[in-house]
1. Could you look through region 58-82, keep only residues that are under 24 Å from Glu46 (Cβ atoms) and open to solvent by 30 Å² or more (accessible area, probe 1.4 Å), and pick out the one that is nearest to the chain's Cα centre (by Cα)?
2. What single numbered condition from (1) in a helix (DSSP H, G or I); (2) in contact with a helix residue (DSSP H, G or I) (Cβ under 8 Å, 6 or more places away or on another chain) fails to hold for Ala147?
3. Could you tell me which numbered condition Pro157 fails, if it satisfies all but one of (1) farther than 30 Å from Arg7 by Cα; (2) open to solvent by 40 Å² or more (accessible area, probe 1.4 Å); (3) in contact (Cβ under 8 Å) with a residue 12 or more places away in the chain; (4) not in a loop (DSSP other than H, G, I, E, B)?
4. Does Val68 satisfy the condition of being touching a helix residue (DSSP H, G or I) at 6+ places or on another chain (Cβ under 9 Å), assigned to a helix (DSSP H, G or I) and more than 21 Å from Val139 (Cα to Cα)?
5. Tell me whether region 83-99 contains one or more residues that are in a helix (DSSP H, G or I), of a type in the set (Ser, Thr, Tyr) and open to solvent by 70 Å² or more (accessible area, probe 1.4 Å).
6. Quick check on region 171-178. Is at least one of its residues among the small types (Gly, Ala, Ser), more than 19 Å from the chain's Cα centre (by Cα) and at pLDDT 95 or above?
Amino acid sequence: MAMDGYRGFLGLLVSALLVGFLSVLFTLIWVLHYREGLGWDGTALEFNWHPVLVVTGFVFIQGIAIIVYRLPWTWKCSKLLMKSIHAGLHAVAAILAIISLVAVFDFHNAKNIPNMYSLHSWVGLTVVILYILQLLLGVSIFLLPWAPLSLRALVMPIHVYSGLLIFGTVIATVLMGVTEKLFFALKSSGYSTSPPEGVFTNTLGLLIVVFGALIFWIVTRPQWQRPKEPNSIFLQPNGGAQEGVEGSAINFSNVDKSDSELNNEAAARKRNFIVDEAGQRSTM
């Protein structure tokens, strides 16, 4: 099935993947070259896992999970398969985010540094909790088969909005964390003097912003939405959606319209039958 503006979509998709990959690469270079590497021993090396896992999972993988439905090469795949991939990518991102929090708390506790005192930590923990709740509710309502269609249709706009809100909040939180880390790490050399590490890490922040902007643009273009399945208005006998049918894809007005059309057609046939029968009687 052809996509409107396919070349534009392909260009933006390649750009998003490239910028996202560069964001992860820049994060690794930052911690390996400027911050002495990675470890899991309660030192700053363990803390360094925090930015790596957050940028890799909470930014890059989450961004890919958001636009996975927009890939035209997957439109022939079943909706159930795509929902499973969507949920699986978000689950990987959630696991990496949780591990990144463990690394921070371990480092703080080992160094007797207070926890949860900065705005970055407040917003960061909140967005991780909201992300996990979003994932659990999404799996319960859209992936598992027992949610009624009316509930899916009601929750879908909220699910989409909250997903984009969480993604944008994650990017803002990452930028706060990068700035906070640079203020602590560059006390001696002076962040205001624009040392190489400061310039390099500021560039990382810009890459993350560009990646987020590309993801937002791709996911908000209506012409790049996955086409609705032709059988998306039919219901299973048990009241659930057919396999792979998203709640938002079901137009209840179409269902009502189809029923009314069938009723009108049956009534018209009945009237024609009566007229024909009356005509036959009048000619006898």
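1. Among them, the one singled out is Ile61.
2. (1)
3. Every condition holds for Pro157 apart from (1).
4. The answer is no for Val68.
5. Among the residues of region 83-99, not one is in a helix (DSSP H, G or I), of a type in the set (Ser, Thr, Tyr) and open to solvent by 70 Å² or more (accessible area, probe 1.4 Å), which makes the answer no.
6. yes
Okay, residues lined up against (1) over 18 Å from Ser100 (Cα atoms); (2) open to solvent by 70 Å² or more (accessible area, probe 1.4 Å); (3) not hydroxyl-bearing (Ser, Thr, Tyr):
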| position | (1), (2), (3) |
| --- | --- |
| Leu164 | yes, no, yes |
| Phe167 | no, no, yes |
| Ile171 | no, no, yes |
| Thr179 | no, no, no |
| Lys187 | yes, yes, yes |
| Gly190 | yes, no, yes |
| Pro195 | yes, no, yes |
| Val199 | yes, yes, yes |
| Leu204 | yes, no, yes |
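The values are calculated or read from the model by the stated rules, or taken from the named source; none is laboratory data. What you see is a predicted model, and the numbers here were worked out from it, not measured in a lab. Cβ: placed from backbone, ideal geometry, glycine included. Neighbour counts: every protein chain shown. The area values use the complete protein model at the heavy-atom level, side chains included, leaving out ligands, DNA and RNA. Shrake-Rupley method; radii C 1.70, N 1.55, O 1.52, S 1.80 Å.
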